[in-house]
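Trainee: Below is the structure I would like to discuss, written out as C-alpha cells.
Every read-out reported here was derived from the displayed coordinates using simple, explicitly stated rules and does not represent laboratory data. Predicted model only: the values in this text are computed from it and were never measured. A quick note on method: Cβ atoms are made from the backbone with ideal geometry, for glycine too, and the neighbour counts reach across all protein chains shown.
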C-alpha cells in the first residue's frame with residue numbers, strides 16, 4: 001500500500017472518529033425519572049398516584065371522582081399524575097400525553113390535563129386531535145412556540161417512557177392504575193367514598 005493511500009485512509013479515519021465524537025457530544029441520550037405532576041400537600045406522608053391514558057374511557061369515568069377527591073384531600077394528601085398511554089388501542093393517547101407534559105414544562109399540567117379529559121369525546125373522533133390540543137393550550141395561556149417544540153422534544157418523550165416503565169414495574173395492566181405510596185391499589189372502586197376510606201386509613205397509619 002502506497003504512502004499516499006495510507007495518508008488518505010488515516011485522514012478518513014480521523015474524520016469518522018471526529019464525527020462520532022461530535023454526534024455523541026451534540027446529541028446526548030436523554031433520560032428521565034418520570035413526570036413530576038403534583039397536587040395537594042407536597043410534604044404529605046401519603047401519596048396517591050394515578051397513571052392515566054387520556055383516551056381511555058375508564059380514565060374518563062374516573063376523572064370527576066379523582067378531581068373531587070383531590071379537592072377534598074388537597075390539604076392532607078400528595079396527589080400525582082403519571083402517563084400510561086396504551087397506543088395499541090388508543091391512537092391519540094401518546095399525543096395527548098405529550099401535550100400534557102409539554103404544558104407541565106410551562107407549569108400548567110393540570111390545566112391541560114383537565115381540558116384534555118373534558119374534551120375527550122370530541123377530539124378522539126377527529127383525524128388529528130392536535131388542533132383541539134392547540135386550542136386548549138391557547139385557552140390556558142401557553143407559549144405556543146415553546147409548546148410545539150416541547151411536544152416533539154426528546155425530554156417529553158423520555159418522561160413518558162419513564163412513566164411507562166414505572167407502571168409496568170408496578171404491575172399496572174390497565175388504565176387507570178392507582179398506587180398508594182408506591183403500592184398498586186387492586187380494583188379501585190370509582191366513588192369518592194371508596195377513595196376517602198383508603199386515604200383516611202393511610203393518613204391514620206401515619207399519625
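Trainee: Sorting 186, 50, 139, 68 on the 10 Å Cβ count, fewest up front, what's the list?
Mentor: 186, 139, 68, 50
Trainee: Next up: By counting other Cβ atoms within 10 Å of each Cβ, how are 73, 60, 99 ranked from fewest to most?
Mentor: 60, 73, 99
Trainee: To make sure I understand, if each residue's beta carbon is the centre and we count other beta carbons within 10 Å, what order do 116, 140 fall in, fewest to most?
Mentor: By the 10 Å Cβ count, ascending, the order reads 140, 116.
Trainee: Note the angle between two axes, namely the Cα long axis of helix 154-170 and the longest principal axis of the Cα atoms of the chain, as a number of degrees from 0 to 90, rounded to the nearest 10.
Mentor: Roughly 50 degrees between the two axes.
Trainee: Using only Cα atoms and rounding to the nearest 10 degrees, what angle (0 to 90) does helix 93-104 make with the longest principal axis of the chain?
Mentor: Helix 93-104 sits roughly 90 degrees off the main axis of the chain.
Trainee: Follow-up. Classify the chain as rounded, prolate or oblate from the Cα gyration tensor: take a ≥ b ≥ c as the square roots of its eigenvalues, call it rounded if a/c is under 1.5, otherwise prolate when a/b beats b/c and oblate if not.
Mentor: The shape class here is prolate.
Trainee: Compute the acute angle (0 to 90°) between the alpha-carbon long axis of helix 3-26 and the principal axis of greatest extent of the alpha-carbon atoms of the chain; round to the nearest 10°.
Mentor: Long axis of 3-26 versus the principal axis of the chain: about 20 degrees.
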